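First up is the structure itself, then whatever we jot down about it.
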Amino acid sequence: MATILRSLHLMMILYISSIPLNFAQDESQFIYNGFSQANLYLDGIAKIHPNGLLQLTNISHQQFGRAFYQFPIKFGTISSLSFSTNFVFAMVPQKPKLGGHGIAFTISPSKGLTHGMASQFLGLFNFSNIGLNSNHILAIELDPVKSLEFEDIGNHVGIDVNGLRSLELAPAVYYSNDERRNISLELISGNPMQLWIDYDEVEKLLNVTLAPIRTPKPSSPLLSTPINLSDIVLESMYVGFSASTGVVASDHYILGWSFNKSGQAQSLDISSLPKLPPHKKRKEKQVVPIRDLLIIVVVVLITITGSACYFRRKKYEEVREDWESEYGTHRFSYKSLHKATKGFKAKEIIGEGGFGKVYRGILPSNEQIAVKRVSHNSQQGMKEFVAEIVSMGRLRHRNLVRLLGYCRRKGELLLIYDYMPHGSLDRFLYNNGRRHLNWLQRFRILRGVASGLLYLHEGWEQIVIHRDIKASNVLLDAEMNGRLGDFGLARLYDHDTNSQTTHVAGTAGYLAPELTRTGRATTYTDVYAFGAFMLEVACGRRPIERMGKPEELVLVDWVFECWSNGDILRASDPRLEGNYVVEEMALVMKLGLLCSHVNPAARPSMRRVMQFLDGDVDLPNIPYDSASFGKVPSSETLDFLWSPPSFVQSSDPSMSSTISILKGGR
Ligand SMILES: *[C@@H]1O[C@H](CO)[C@@H](O)[C@H](O)[C@H]1NC(C)=O
Ligand SMILES: *[C@@H]1O[C@H](CO)[C@@H](O)[C@H](O)[C@H]1NC(C)=O
Ligand SMILES: *[C@@H]1O[C@H](CO)[C@@H](O)[C@H](O)[C@H]1NC(C)=O
Ligand SMILES: *[C@@H]1O[C@H](CO)[C@@H](O)[C@H](O)[C@H]1NC(C)=O
Ligand SMILES: *[C@@H]1O[C@H](CO)[C@@H](O)[C@H](O)[C@H]1NC(C)=O
Ligand SMILES: *[C@@H]1O[C@H](CO)[C@@H](O)[C@H](O)[C@H]1NC(C)=O
């Protein structure tokens, strides 16, 4: 009996998967419950598994995969513009909650799209054709990643025409017919979901509807956007999918697909869709409660011992509030730090910057640490700040200095970092007595820092803006790798809003012009600072050199001048004595200029910067227009650079000090 049932089942599957053959004459409608027999044109790393599962990409980085229906579909005058389609997809991220870049259902004049690039371009566009009406591309994107350049949000569905700045977008939710409310969905949960796309030529409405697999089509669409397709689609178009991965990646799958040009697309047979390959997600889920339990035990233990210490010794008095109990494992006791740094001996000071002194310490485990003492009187925003600091402790990247934990005392915050044996980069760049770095080392440091910053901007579950990139915040580890430190610390001063003023933390010479106006830090203001940093490393000079000749006061201006005189290499660090790779030096300086563009939108993203530094993409021509670079409307900037009384200026020994600009109060 069981065998008969099984063979019946098998026959059913065979029957269903043979359906496409029945439509052999009518190329404008098809249904694929699995793609074993499908007429698809595959491109990039797309492939079809033996079980019929269509995989557009795997988790390899910076790849794209496309699958288009082989035959063109007639739109426009010959046929109507209406169409209806639905498909089941799944995005299995490389790590839980860390995946991208997304899938786009696409209607395009060609199935080749040979120039489409990976990452945020979803395999559809490149830098030069994005946004052009001549593309004739309609795409419905399923995009878990926030892209600043397209002004979108994370975890969203968007309707795109000829580019990726969505006509309309919405967070991934579905309307539950039973509960009569929206329920959110995480696109990169790894679970299969279904999407319906319906366009009616008469209503001129494009409806996009999302739901988990096995949930019937919601009665209310996620997006219902008025759009006149007649200008967008041509008479003969191809339909299909394009997916890409970037620094973050996912396996992108399509399980089944139904398309109809002459009526409602038939529903897929969910039970006969191919299965996704097993992945480890479930196992991890079971581990979590145990881990949580362990953390709670550790937290309780540390809290108990911590409070015991608190009462025992006033000398080691700390500030500890109820809300901190959840950060137990990240909290260091003041006593242990006191011991580790030999009582914060002056001899153990390894650095001193705008935020405070840094001490070297050795834990009982023999682990070396760096302890930063930041004086901070305001209680306001402390809770948010500590929450942020603790979550940043989870950032892991070989070009970031790891934050191990924190400790609080009255009027003081202590931050504990990995110890970096070679100290900060600026000491190598500016201390003439020490050996300086050769070009190979400098270039490697630049690329490392770029990749660390890219990770902060795009590689993590939330965007982290560094806010204070400069040579003194780049530390060198035992292998002379550059590592960014102090990320997010500037934030502390942002929270500090006890008056009507807004503080902008940062360092003169690295502050993007718009930052001094708006006070809003973005990834583009980081890119600006990184540009100044690149020039600094290449030229061996600070962004603003008050001691120098007047024409060399502002580094960007000077490099720009050398460049416009056709001799950019003149600005290179004389201590290198010409020992560098000319192409790399010129690249770094030109890229530094490009990042210093006064218009934030004209600056490349860190991802682009990385591509340029890796030589994957050629640098575009720099416009010959001095007003676009560095030269911030001079009187205003120089005012603010030269008249310290209006600013709170700290006693940083270096010329470039951390300043807070008082905004609004004047
Ligand atoms: C991804 O797919 C490509 C092409 O099929 C293959 O070469 C590569 O090894 C795969 N990578 C992973 C991580 O599965
Ligand atoms: C971008 O794509 C267009 C075709 O749409 C192609 O002509 C152009 O060369 C591509 N540009 C780059 C930089 O790849
Ligand atoms: C559900 O979400 C969509 C898209 O964001 C929105 O247009 C709609 O108003 C929401 N409906 C309800 C009941 O909240
Ligand atoms: C799109 O959704 C709207 C609002 O729910 C509905 O009135 C319209 O009939 C739908 N159109 C199509 C083509 O599904
Ligand atoms: C749609 O666009 C076409 C071509 O521009 C135009 O002829 C037509 O009138 C438009 N339809 C509506 C309803 O705007
Ligand atoms: C397409 O629509 C027509 C008319 O509603 C219907 O008869 C046909 O079964 C549909 N085909 C598919 C593949 O959805």
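The values are calculated or read from the model by the stated rules, or taken from the named source; none is laboratory data. Just so it is clear, the model here is predicted, and its values are computed rather than measured. Methodologically, a virtual Cβ is constructed for each residue, glycine included, from the backbone with ideal geometry; neighbour enumeration extends over all protein chains shown. In case anyone asks, the SASA skips ligands and DNA or RNA and just uses the protein heavy atoms, side chains included. Shrake-Rupley method; radii C 1.70, N 1.55, O 1.52, S 1.80 Å.
Counting only protein heavy atoms and using a 1.4 Å probe, the accessible area of L404 comes to about 30 Å².
Near Q55, once Lys and Arg are set to +1 and Asp and Glu to -1 for all other residues with Cβ below 10 Å from its Cβ, the sum equals 0. Over the range 39-273, what is the relative contact order in whole percent, taking alpha-carbon pairs under 8 Å and six or more residues apart? Relative contact order here is 34 percent. For the range 39-273, the share of accessible area belonging to carbon and sulfur comes to 50 percent (1.4 Å probe, ligands and nucleic acids excluded).
The protection proxy used here, the mean number of other Cβ atoms lying within 10 Å of each residue, ranks peptides 336-344, 418-426, 222-230, 96-104 as follows, highest first: 96-104, 418-426, 336-344, 222-230. A straight line joining the Cα centroids of the range 589-605 and the range 31-73 runs 38 Å. The packing ranking of peptides 566-577, 60-71, highest mean first, is 60-71, 566-577, where packing means the average number of other beta carbon atoms within 10 angstrom of each residue. Backbone amide hydrogens, once placed in the peptide plane, bring G102 within less than 5 Å of S244, excluding anything fewer than 5 places away on its chain. Along the charge dipole of the range 39-273, which of H101, S224, G163 sits closest to the positive end, that is, farthest toward it, with unit charges on the beta carbon of Lys, Arg, Asp and Glu (+1, +1, -1, -1)? Sorting the options by dipole projection puts first H101.
Only Lys, Arg, Asp and Glu carry charge here, each on its Cβ (+1 for the first two, -1 for the last two); on that basis the range 39-273 has a dipole of about 440 debye about its Cα centre. Only one residue of A243, S271, M193 has its Cα farthest out toward the positive end of the dipole of the range 39-273, where Lys and Arg carry +1 and Asp and Glu -1 on Cβ, and that residue is S271. The Cβ shell under 12 Å around S84 holds other residues with a net charge of -1, Lys and Arg each +1, Asp and Glu each -1.
Per-peptide packing, taken as the mean over residues of other Cβ atoms within 10 Å, places 299-305, 37-43, 242-248 in the sequence 242-248, 37-43, 299-305 from highest down.
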